[in-house]
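Here's the structure, in structure tokens; my notes come after.
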């Protein structure tokens, strides 16, 4: 037994060392190192080359400062480039682009216009919401007008407080699908969960169901074999990888597809923080108990999730189709359930409209009694920090729950560096004692909530494709609040003493990390 376990550990280590992630990382590091040495030697040997590189650094800084991006992001890049012009410029070329290429944006905009033509806005629902609550109506109007996603009624909701609760509902929806199945996930990993889903997808594809899957290539770089899509295509499943990652520094892009979407027949949809990997349903243990959340919606609002998927699919595959064939009304024969107001939304880095962040800020600024927050990462800018502190100072009960056991220790150290200013502003902070909390939820005043894929960090708020569901007076709002109360009871409340008693070296490291927070 000991020998077999040792052999398994050695095999696992070998797979990591020889895996795609390691090979790509080594390839890119070698390219960066080679370019750095060439530029360094060139600038050292020739004075004019040195001056040219410094001039390029100054020009790059001026370009960055002139961009309409987050000020914290500007500061981090400016500091890095001026500190070390050669290294800073190389890293900026590699990771500094905050948007896709012009040609890419044009392609995605064209697909967006085709989908937009199929969206029907329920004016009656908007007027009903306006009559009930002007503050919530203002939030809904922002999502409708600036993100392009309408408000719906005639939609049922159900919230799941852990992955193992939502997984059977996902399986049931897949088994009942008769027309089409769409899946879009950031992380997919081989194991029990994926095998169960693959078996159903392959069977449904043989039955003539239109089965499609999108996965993010970077998100799956260490979990799936290269060209995984070919395996699924051989099973009759249509599959596409978003932004395939290649070990060439000139083509590396900074935007990822961080969404989690499952849609069946346009009638039932799932989203939240749950990816397709065994830790999300606690079949395996990573970082203690894995706390994640998700939401199931059924009815007219599912169209927004469907349209997000189709938009991404047709961008990747460079195709088009009759989008109206996937409307909920096509496959639904009976009446839809009615459970308050439901408004799914997507966030794209292409339009520089930070929908995920603005929805969060609006909920914080409009809260009257309380606002509770789940987030795995707490890496925020001054605007978010100020909004949270001002709400608490105004008498709103603001509580944030972060993991007790981190998945990334450096990021966790950075997360904890924001505790002190928030605590001083009156915000209550909890660490989830049983393990890692991966949920992304807000709930406020027993009336509104949002559940989705958007973390409170720079990459999620500004660089990734994200999604979520905004809810008002729905069954799920009460379920989300009940989950928060259970989590508070099993979490450790953090005090200022915790921050003050940390070793000086840790506090210094946190200060340096905060300087580069927008780049992490």
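The values are calculated or read from the model by the stated rules, or taken from the named source; none is laboratory data. Since this is a predicted model, take the numbers as computed values, not measurements. Don't worry about glycine lacking a Cβ; one is built from the backbone with ideal geometry, like all the others, and counts go over all protein chains shown.
Scan the range 181-201 for residues that are touching a strand residue (DSSP E or B) at 6+ places or on another chain (Cβ under 8 Å) and surrounded by fewer than 20 Cβ atoms within 10 Å (Cβ to Cβ) and jot them down. Break it down into steps so the answer makes sense when it comes.
From the range 181-201, those touching a strand residue (DSSP E or B) at 6+ places or on another chain (Cβ under 8 Å) are 181-189, 193-194, 197, 201; that's our starting set.
Across the range 181-201, the qualifying residues are 189, 194.
If you check 334, 294, 269, which single one turns out to be under 16 Å from the mean Cα position of the chain (by Cα) and either farther than 20 Å from residue 155 by Cβ or outside the structural domain of residue 484 (by TED's automatic domain parsing) (or both)?
The conditions single out 294.
Within the range 179-197, can you find the residues that are in a helix (DSSP H, G or I) and under 23 Å from residue 302 (Cβ atoms)?
The answer is 193, 196, 197.
Would you please list the contacts, defined by Cβ atoms under 6 Å and residues six or more apart or on different chains, that run from a residue in the range 389-410 that is under 21 Å from residue 437 (Cβ atoms) to a residue that is in a loop (DSSP other than H, G, I, E, B)?
392/425; 392/426; 392/427; 398/427; 403/376; 404/433; 405/287; 407/287
Can you tell me which residue within the range 510-520, out of those that are in contact with a helix residue (DSSP H, G or I) (Cβ under 9 Å, 6 or more places away or on another chain) and part of a helix (DSSP H, G or I), is nearest to residue 462 (Cα to Cα)?
Among residues in the range 510-520 that are in contact with a helix residue (DSSP H, G or I) (Cβ under 9 Å, 6 or more places away or on another chain) and part of a helix (DSSP H, G or I), the one nearest to residue 462 (Cα to Cα) is 518.
Quick check: is even one residue across the range 76-85 at pLDDT below 95, assigned by TED's automatic domain parsing to the domain that holds residue 55 and under 23 Å from residue 466 (Cβ atoms)?
Among the residues of the range 76-85, at least one is at pLDDT below 95, assigned by TED's automatic domain parsing to the domain that holds residue 55 and under 23 Å from residue 466 (Cβ atoms), which makes the answer yes.
Yes or no, residue by residue, for (1) closer than 27 Å to residue 161 by Cα; (2) in contact with a strand residue (DSSP E or B) (Cβ under 8 Å, 6 or more places away or on another chain); (3) crowded, with 24+ Cβ neighbours inside 10 Å:
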site: 283; (1), (2), (3): yes, no, no
site: 313; (1), (2), (3): no, yes, no
site: 317; (1), (2), (3): no, yes, no
site: 322; (1), (2), (3): no, no, no
site: 325; (1), (2), (3): no, no, no
site: 334; (1), (2), (3): no, no, no
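From the set of residues in the range 460-509 that are assigned to a helix (DSSP H, G or I) and touching a helix residue (DSSP H, G or I) at 6+ places or on another chain (Cβ under 6 Å), which is farthest from residue 242 (Cα to Cα)?
For the range 460-509, the residue satisfying everything is 496.
Okay, residues lined up against (1) within 24 Å of residue 138 (Cβ to Cβ); (2) out of contact with any helix residue (DSSP H, G or I) (no Cβ under 8 Å at 6 or more places or on another chain); (3) surrounded by fewer than 19 Cβ atoms within 10 Å (Cβ to Cβ); (4) not assigned by TED's automatic domain parsing to the domain that holds residue 506:
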residue: 395; (1), (2), (3), (4): yes, yes, yes, no
residue: 408; (1), (2), (3), (4): no, yes, yes, no
residue: 418; (1), (2), (3), (4): no, no, no, no
residue: 422; (1), (2), (3), (4): no, no, no, no
residue: 433; (1), (2), (3), (4): no, yes, yes, no
residue: 436; (1), (2), (3), (4): no, yes, no, no
residue: 439; (1), (2), (3), (4): no, yes, no, no
residue: 451; (1), (2), (3), (4): yes, no, no, no
